[in-house]
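A short write-up of the structure that comes next.
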Amino acid sequence: MNYLVFKSLHIISVVTWFAGLFYMPRLFVYFAEAETKNPAEKKILQDQFKIMQRRLWYGITWPSAIAVLIFGSILAAQFWPITQYPWLVLKLGFVALLYAYHIFLHAIFKQQQNNNISFSPLALRVINEISTIFLVAIVFLVVLKNVLSMVYGIVGLFVLVAILMIAIKAYKKIREREEFSMPELKNINNDDWKTKLNEEEYKILRMCGTERPFAGEYYLFFESGIYTCAGCGHELFSSETKYDSGSGWPAFYDVIGTKNIRLIEDQSLGMKRVEVRCSYCDSHLGHVFEDGPRPTGLRYCINSIALKHHKS
Ligand code: FE
């Protein structure tokens, strides 16, 4: 077969390989982000992402990587000895690093398939950008075939990396703001709250009070269902994560979704605590402590009055 046929096959396999290398870390990010969902949602999402990962990795990415190796070797043989072509030596260096990156992604793939998470979603977003850097470096080198141009290329690369890092950080900030921003409070002002809530509810939800321990309605209540905010009806906790902490207040080791609550550092009463509020109406719910049971290790210590139970 002639050289151009192999070159075409090589380019096709490079394109499909990169498609896998670009999309795979996205699936890692989605998998890691699903960690914050409630247990039922998390299982459904993560099981689905694992199927997608397996199909993409074994169906497209690995076969393409092997095809690149075969067709690339056939093409490189035409340039023997390759030391006559410094640009090709450098390019093969980048390709070797790209295979190392592929093996690194394989390790993350294996971890996630076994439900282990060792990288945060932000770290995975950064890892996701590595393929872009390889793509830019290799394409410039192959098209220009000039190592000197690579100096400019590499400078450009660093600028690109810096821009990507800034963009990732900015994106994270925007997402965090979205997650924790307080939506419209439906124009409820303080007087409205006084008429909407009874005296005790007002004291706890709007004035950050605490009910007496061992006295609340839900302290020793373990019926299955969903707990919503007594102020606005927003879903907050599931009975699946409720347990008896012995503290005298209802305790949960997880929330339905991190977007459903807002955490605020609370320095009142001479203690450093983390206050838990409803993210929708900003009502005070209780506090969260780091002495809860597995898997989260958290104890959401919530006033019964701030909750309304709904049977499932
Ligand atoms: Fe609320």
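No lab work stands behind these numbers, since they all come straight from the coordinates. Please read these numbers as outputs of a predicted model, since none were measured by experiment. No Cβ is skipped: glycine too gets one built from the backbone with ideal geometry, and neighbour counts run over all protein chains shown.
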Taking the chain and counting helices only, DSSP H stretches of n ≥ 4 at -39,500 (n - 2.57) each over all residues, the nearest-500 ellipticity at 222 nm comes to -18000 deg cm²/dmol
Tell me, what is the percent relative contact order of the range 190-311, built from C-alpha pairs under 8 Å that lie six or more residues apart?
-> 28 percent
For residue 42, list the lysines whose Cα falls under 18 Å from its own Cα; do not include residues on the same chain fewer than 8 positions away.
-> 50, 242, 259
Charges only on Cβ, +1 for Lys and Arg, -1 for Asp and Glu: so what's the dipole of the chain about the Cα centre, in debye to the nearest 20?
-> 1200 debye
Cα gyration tensor category, rounded, prolate or oblate, for the range 190-311 with a/c compared to 1.5 = rounded
The equivalent-ellipsoid semi-axes of the range 3-180, taken as the square roots of five times the Cα gyration tensor eigenvalues and listed largest first in whole Å, are 34, 21, 11
Over all alpha-carbon pairs of the range 109-162, lay out the pair-distance distribution in 5 Å bins, whole %, shortest bin first.
-> 4, 17, 20, 17, 11, 10, 10, 7, 3, 0
Beyond 32 Å between alpha-carbons counts as too far, so tell me which of 91/169; 173/194; 203/272; 43/308 fall in that bin.
-> 173/194
For the chain, return all DSSP H helices satisfying: extent of Cα atoms along own axis at least 18 Å; mean Kyte-Doolittle hydropathy at least -1.0.
-> 3-33, 39-56, 62-77, 86-113, 130-144, 147-180
Cut-off under 5 Å, modelled amide H: who pairs with residue 236 long-range = 227, 228, 229
With the calculation restricted to Cα positions, what are the radius of gyration and Dmax of the chain in angstrom?
-> 27.3, 87
FRET efficiency for residue 223 and residue 129, Cβ-Cβ distance as r, R0 = 41 Å, nearest 0.05?
-> 0.30
Roughly speaking, what is the centre-to-centre gap between the range 69-124 and the range 231-273 when only Cα atoms are used, to the nearest Å?
-> 46 Å
May I ask which residue of 247, 229, 278 lies farthest towards the positive end of the charge dipole of the range 190-311, with charges of +1 (Lys, Arg) and -1 (Asp, Glu) on Cβ and the Cα centre as origin?
-> 278
